[in-house]
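First the structure, in the form of structure tokens, and then the observations on it.
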Amino acid sequence: GDPLDVIAARIADLRARRLSLRQRELDLLVARNGLQPQLDLVGTWQSQALGTELRDTWEDTLTGEQQSYSVGLQLSVPIGNTTARARMRRAELLMRQSVELLRELENQIATEVRTAVRDLHYLQRKWE
């Protein structure tokens with residue numbers, strides 16, 4: 001095929017592999033986060049209106065006389081967490097595979113470039 005088409009295809013392949021590697025890096029980050037403790041801020045608000053008429057109930061709600069609030073922290077610590085650990089091992093494996101696939105493609109492209117340069121030098125000497 002046309003050398004420019006070959007180059008364009010190789011550039012597209014390289015970009016796709018690098019994008020895949022970036023996605024695997026993000027997957028690994030998410031998997032690692034699944035093993036970390038989680039600290040959440042939680043809160044509730046409750047209004048109790050006890051009036052016998054709708055107007056009294058509405059006034060109680062608006063004035064806040066029968067309201068309660070609650071704010072706290074909730075800590076979740078994974079113990080054992082075999083699912084998250086399996087997810088992380090899988091993400092690590094896929095990451096290593098993506099790195100290897102990218103290296104293989106880079107090596108293949110480098111070999112193709114060296115071969116093309118060698119062929120050009122050969123043709124240049126032949127024409128001299």
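Remarks
- Residue, farthest from Ala16 (Cα to Cα), within region 102-120, restricted to residues that are at pLDDT 90 or above and open to solvent by 80 Å² or more (accessible area, probe 1.4 Å): Arg118
- Of residues in region 25-46 being among the small types (Gly, Ala, Ser) and surrounded by 10 or more Cβ atoms within 10 Å (Cβ to Cβ), the one nearest to Leu102 (Cα to Cα): Ala31
- For Arg22: the one exception among (1) at pLDDT 95 or above; (2) open to solvent by less than 90 Å² (accessible area, probe 1.4 Å): (2)
- Whichever residue in region 60-94 is in a loop (DSSP other than H, G, I, E, B), over 11 Å from Gly34 (Cα atoms) and open to solvent by less than 90 Å² (accessible area, probe 1.4 Å) and, among such residues, is modelled with the lowest pLDDT: Gly64
- For beta carbons closer than 9 Å, sequence separation of 6+ or different chains, a first residue in region 83-111 that is of a type in the set (Ser, Thr, Tyr) and a second that is assigned to a helix (DSSP H, G or I) and open to solvent by less than 90 Å² (accessible area, probe 1.4 Å), the qualifying pairs are Ser98/Arg17; Ser98/Ser20; Ser98/Leu21; Ser98/Arg24; Ser98/Glu25.
The values are calculated or read from the model by the stated rules, or taken from the named source; none is laboratory data. Computed from a predicted model, the values in this text were never measured in an experiment. A quick note on method: Cβ atoms are made from the backbone with ideal geometry, for glycine too, and the neighbour counts reach across all protein chains shown. Calculation scope for accessible area: heavy atoms of the full protein, side chains included, ligands and nucleic acids excluded. Shrake-Rupley method; radii C 1.70, N 1.55, O 1.52, S 1.80 Å.
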